[in-house]
1. Can Pro464 be described as farther than 21 Å from Ala402 by Cβ and not acidic (Asp, Glu)?
2. Would you be able to say whether some residue in segment 3-15 is buried (at least 21 other Cβ atoms within 10 Å of the Cβ) and either at pLDDT 95 or above or not aromatic (Phe, Trp, Tyr) (or both)?
3. Which of (1) open to solvent by less than 20 Å² (accessible area, probe 1.4 Å); (2) closer than 30 Å to Phe236 by Cα does Lys75 not meet, given it meets every other one?
4. Quick one: count up the residues across segment 307-335 that are closer than 21 Å to Leu187 by Cβ and open to solvent by 40 Å² or more (accessible area, probe 1.4 Å).
5. From Ala23, Ala36, Ala52, Ala28, grab the single residue that is surrounded by 18 or more Cβ atoms within 10 Å (Cβ to Cβ), farther than 30 Å from Val226 by Cβ and at pLDDT 95 or above.
6. Of the conditions (1) more than 24 Å from Cys220 (Cα to Cα); (2) open to solvent by 40 Å² or more (accessible area, probe 1.4 Å); (3) free of Cβ contacts under 8 Å to residues at least 60 places away in the same chain; (4) not β-branched (Val, Ile, Thr), Ala102 fails just one. Which one is it?
7. Every residue in segment 130-172 that is open to solvent by less than 30 Å² (accessible area, probe 1.4 Å) and either in a loop (DSSP other than H, G, I, E, B) or without any contact (Cβ under 8 Å) to a residue 12 or more places away in the chain (or both), please.
8. Does segment 336-355 contain any residue that is within 23 Å of Ala177 (Cβ to Cβ) and either open to solvent by less than 20 Å² (accessible area, probe 1.4 Å) or hydroxyl-bearing (Ser, Thr, Tyr) (or both)?
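The values are calculated or read from the model by the stated rules, or taken from the named source; none is laboratory data. Everything quoted here is computed from the prediction, not taken from an experiment. A quick note on method: Cβ atoms are made from the backbone with ideal geometry, for glycine too, and the neighbour counts reach across all protein chains shown. For accessibility, only protein heavy atoms count, side chains too; no ligands or nucleic acids. Shrake-Rupley method; radii C 1.70, N 1.55, O 1.52, S 1.80 Å.
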Amino acid sequence: MHAPAFPHGESARNAMMRRWALALIAAATLARLGLAAVLPVGVDEAYSIGIARQFSLSYFDHPPLHLWLVGAWAKLWGSEDLLLLRLPFIALGALSSWLMYALGTRLFGPVAGLWATAIFNLAPVFGLAHGALIFPDGPLLAAALAMALLVARMVLVPGDGQRLGLWALAGLMAGLALLSKYHGVLLVLGLLLFLATTRQGRQWLLTPGPWLAAAIAAACFVPVLVWNAQHDWVSFAFQAGRGRVGNGASLRLLGPIESLLSQAVYLLPWIAVPLGAFLVRGALGGPGNVRRWLLVCLAVLPIVIFTGLTLFGRGLPHWQMPGWLFAIPLLAEALANAGRSTRRLCVAVAVLTALALAALATVVTMQARWGSFDQQTLQLFGGSDPTDALLSWEPLKSELAARGLPADDRTFIGTFNWVRAGELNALFGKQLPVLCLCSDARHFDYLNPPQQYAGWNAILIGMPGNIDDDARLSAEFATLGPLQDISLSKGERVAVPLRLRLASGFRP
């Protein structure tokens with residue numbers, strides 16, 4: 001009997017691991033497609049869809065890559081169907097899964113690569129959110145993993161560190177990360193930390209390769225710099241303000257602990273704890289183990305910096321996630337080298353986790369779309385319904401049509417919060433300008449500058465507390481109409497209390 005034929009240089013075990021990885025990626029991608037097909041649009045997604053209609057070199061909140069992708073994809077197909085717009089991000093999630101497999105395999109072997117792929121897809125923040133929805137993290141993760149894979153190849157293959165082509169490609173990936181999210185700066189600094197702290201890296205710094213990569217990455221970032229220079233560096237000021245130390249706040253000694261607990265929820269505690277343990281092990285091992293040290297250098301800055309800032313203010317748990325991304329292969333290496341009984345236990349945990357996530361996604365989607373659980377059931381979870389943020393605003397179209405609105409072509413929709421403006425802009429922005437009449441208008445100040453609409457009429461839509469502030473609105477409009485209830489309901493319950501009133505003679 002002849003032995004089975006495998007590609008040159010590839011063992012039977014490697015081929016089997018690759019097939020398993022591809023099957024896992026395919027299954028995860030199908031699951032994300034199903035979720036994306038039924039999950040209503042989120043706040044950040046609605047905001048992104050609306051502002052992406054207008055091309056800009058950069059945007060107020062983030063660098064432009066994910067918005068360029070959304071805007072170009074919508075124009076290519078002539079549609080803003082939500083599933084259609086999510087497809088590129090689902091594809092990026094699949095690509096990131098494969099790059100994670102390739103990185104784990106390159107550093108620690110194909111079994112570790114398979115485990116890395118499984119962990120990536122089981123962590124909800126990566127497998128469900130950043131791998132399927134319209135967030136800047138989708139392009140960021142793919143670009144960051146691609147850069148790390150190229151650097152890993154140069155570290156491990158003799159002579160590849162002298163190849164300018166590989167450095168140029170790594171620089172391009174770093175540039176795409178910079179164009180995706182400002183976290184890309186920490187990715188570049190992490191690579192610099194690796195080069196400066198390893199003997200091989202210091203030798204490379206004396207060659208043209210790393211400097212060519214840096215020049216290409218910087219060139220990719222030029223659109224962001226140009227836009228900010230034209231707009232008083234507002235995006236940099238905004239992001240710096242979100243993480244600013246001080247602001248008169250007292251020291252929050254429990255802040256980092258609260259932050260780490262929140263990060264554990266995003267990753268799942270039984271994934272987060274071993275991730276942290278093996279990241280610490282890699283850090284304590286130092287540069288002697290260059291494979292682990294590369295991952296430690298890429299992981300540590302986002303985790304330490306953003307967790308440390310919570311000593312002085314509150315941060316968001318997803319800010320640290322690009323760092324935890326690179327802890328995954330460290331845990332995967334440990335699982336690949338674990339005993340048979342440990343691996344079997346971990347396989348069982350992985351299967352149960354996948355089933356639990358599928359059940360959770362189903363429940364969240366059912367509640368978000370149809371309000372499947374009554375108020376009595378919600379009392380078991382504190383009485384509030386977090387899925388109200390995913391409630392469709394589509395009924396507002398019929399509300400306006402029933403009132404014969406807009407009555408003329410010099411009418412805009414006004415609201416009082418950038419979140420509401422994002423929802424309304426995604427819904428009406430192709431037909432009517434949407435203005436955010438608030439101090440924190442995000443990119444709406446540049447999408448629809450209020451000064452351009454002086455004298456126009458307005459359809460004001462907002463929540464109680466803003467839209468009924470007659471003293472403020474009388475200063476901004478010549479006349480104000482009565483309040484009308486257009487609340488959004490879920491079953492028998494008012495989920496989003498909204499009011500509408502007409503106004504004329506806008507005075508920005």
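1. On the way: farther than 21 Å from Ala402 by Cβ: yes; not acidic (Asp, Glu): yes.
Here the answer is yes, as Pro464 does meet what is asked.
2. Just the residues of segment 3-15 that are buried (at least 21 other Cβ atoms within 10 Å of the Cβ), to begin with: none.
There is no residue in segment 3-15 that is buried (at least 21 other Cβ atoms within 10 Å of the Cβ) and either at pLDDT 95 or above or not aromatic (Phe, Trp, Tyr) (or both).
3. All conditions are met except number (1).
4. The number of residues fulfilling the criteria is 3.
5. Ala28
6. With respect to (1) more than 24 Å from Cys220 (Cα to Cα); (2) open to solvent by 40 Å² or more (accessible area, probe 1.4 Å); (3) free of Cβ contacts under 8 Å to residues at least 60 places away in the same chain; (4) not β-branched (Val, Ile, Thr), Ala102 is out only on (2).
7. Gly131, Ala132, Leu133, Ile134, Pro136, Asp160
8. Taking segment 336-355 first, the residues within 23 Å of Ala177 (Cβ to Cβ) are none.
There is no residue in segment 336-355 that is within 23 Å of Ala177 (Cβ to Cβ) and either open to solvent by less than 20 Å² (accessible area, probe 1.4 Å) or hydroxyl-bearing (Ser, Thr, Tyr) (or both).
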